[in-house]
Amino acid sequence: MRAVPGRTGQNLPRVTGNGRAAGRRFDRDHGVTTQALFFLSQLGDAGGPAYARATHYEPVPVRSFRALLSHVPEPFLRTSVFVDVGSGMGRAVLLASEYPFKQVLGIELSPSLHAIAQTNLSSAADIPTRCRDVRLRCGDARRARFPKGDLVIFLFNPFDDEALRCVLDRILSSRSDWDEVLLLYYVPVHRDVLLERESETVAEPAEGLVTRFPARRGLFANKCSAGCRSR
Ligand SMILES: C[S@@+](CC[C@H](N)C(=O)[O-])C[C@H]1O[C@@H](n2cnc3c(N)ncnc32)[C@H](O)[C@@H]1O
């Protein structure tokens, strides 16, 4: 992955030819279809406000995903639900199933991409799965009901800043005071939105941004901080 100047002035990662080649290899090795690049308008799905705010479809490079996941401490990972907001054809969901999350969930706006992800999930071969509860949902993440408990939210630049505000508000307002949210943001174009909220930056690796919204109270407040800081 190479860094290129982003809209907000800082360096942002970009999927390179190597990343795409590794993506095609991932598809071949597991008998799935995830490597593609296009705008949602090319799919013929219904339009509407959510589509107007959406970016495009492109899968996260395998190596970048794993690098971002390395910032999640194992004990926190085991008690959390992983949510890919804008799960596309399901690459990040398939990769997340290799980790011992309590549950892995993908939420995707486009019915066409969701259908491909479902096929991928049912046909994927040789994925060293450690999470047995893997789900896909089709719908607008701005209207989604997010699972209760600790969350690891993954975003690969799915939409504009307004949609991100909306999704973040939904996640943060529906959690209990004991729940902690760790957010992995690949290509963090709208990082400023996170800084508007009470987030703490855990790490800023080349692959993106890792931030956390600590539990507001309870015995387990700051549960992931020690592990996060040590990485
Ligand atoms: C850059 S792709 C990332 C795909 C996937 N997360 C991955 O890494 O392989 C962004 C995805 O977000 C989806 N998306 C955009 N707006 C959305 C919304 N409001 N709700 C759910 N999904 C959305 C797009 O359809 C697209 O599939």
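The values are calculated or read from the model by the stated rules, or taken from the named source; none is laboratory data. These numbers were taken from a predicted model, which means no experiment stands behind them. Note that we place each Cβ from the backbone using ideal geometry, even for glycine, and neighbour counts take in every protein chain shown.
Count of segment 103-130 residues, restricted to those that are free of Cβ contacts under 8 Å to residues at least 60 places away in the same chain, closer than 17 Å to Leu69 by Cα and in contact with a helix residue (DSSP H, G or I) (Cβ under 7 Å, 6 or more places away or on another chain), is 2. When we screen Val104, Val83 for residues that are crowded, with 21+ Cβ neighbours inside 10 Å, under 10 Å from the mean Cα position of the chain (by Cα) and either among the aliphatic types (A, V, I, L, M) or not in a loop (DSSP other than H, G, I, E, B) (or both), the only hit is Val83.
Listed by first and then second residue, the pairs linking a residue in segment 34-45 that is over 21 Å from Arg20 (Cα atoms) to a residue that is within 8 Å of the ligand (Cβ to nearest atom) and among the hydrophobic types (A, V, I, L, M, F, W, C), with Cβ atoms under 7 Å apart and 6 or more places separating them unless they lie on different chains, form an empty list. Screening segment 134-171 for residues that are in a loop (DSSP other than H, G, I, E, B), touching a residue at least 60 places away in the same chain (Cβ under 8 Å) and surrounded by fewer than 17 Cβ atoms within 10 Å (Cβ to Cβ) and picking the one that is nearest to the ligand (Cβ to nearest atom) gives Asp160.
Restricting attention to segment 85-113, the residues that are touching a Gly at 6+ places or on another chain (Cβ under 7 Å) and β-branched (Val, Ile, Thr) add up to 2.
Just need a number here: residues in segment 77-107 that are under 23 Å from Leu164 (Cβ atoms) and among the hydroxyl-bearing types (Ser, Thr, Tyr). Going through segment 77-107 one residue at a time, the tally reaches 2.
What's the total number of residues in segment 59-95 that are among the charged types (D, E, K, R) and within 16 Å of the ligand (Cβ to nearest atom)? Going through segment 59-95 one residue at a time, the tally reaches 4. Within segment 99-133, the residues that satisfy the criterion of being within 14 Å of the ligand (Cβ to nearest atom) and under 22 Å from Phe76 (Cα atoms) are Val104, Leu105, Gly106, Ile107. In segment 130-137, is there at least one residue being at pLDDT below 95 and over 20 Å from Leu183 (Cβ atoms)? So far as segment 130-137 goes, yes, one or more of its residues are at pLDDT below 95 and over 20 Å from Leu183 (Cβ atoms). Residues that are in a loop (DSSP other than H, G, I, E, B), at pLDDT 95 or above and among the polar types (S, T, N, Q): does segment 202-221 have at least one? The answer is no, given that none of the residues of segment 202-221 is in a loop (DSSP other than H, G, I, E, B), at pLDDT 95 or above and among the polar types (S, T, N, Q).
Scanning segment 179-199 for residues that are touching a Lys or Arg at 6+ places or on another chain (Cβ under 9 Å), within 13 Å of Asn157 (Cα to Cα) and part of a helix (DSSP H, G or I) yields one hit, Val193. Within segment 198-216, residues that are surrounded by fewer than 16 Cβ atoms within 10 Å (Cβ to Cβ) have Cβ atoms under 7 Å from residues that are in a strand (DSSP E or B) and among the basic types (Lys, Arg) in these pairs: Glu200/Arg212, counting only partners at least 6 apart in sequence or on another chain.
Within segment 175-187, the set of residues being of a type outside the set (A, V, I, L, M) and within 16 Å of the ligand (Cβ to nearest atom) comprises Tyr185, Tyr186.
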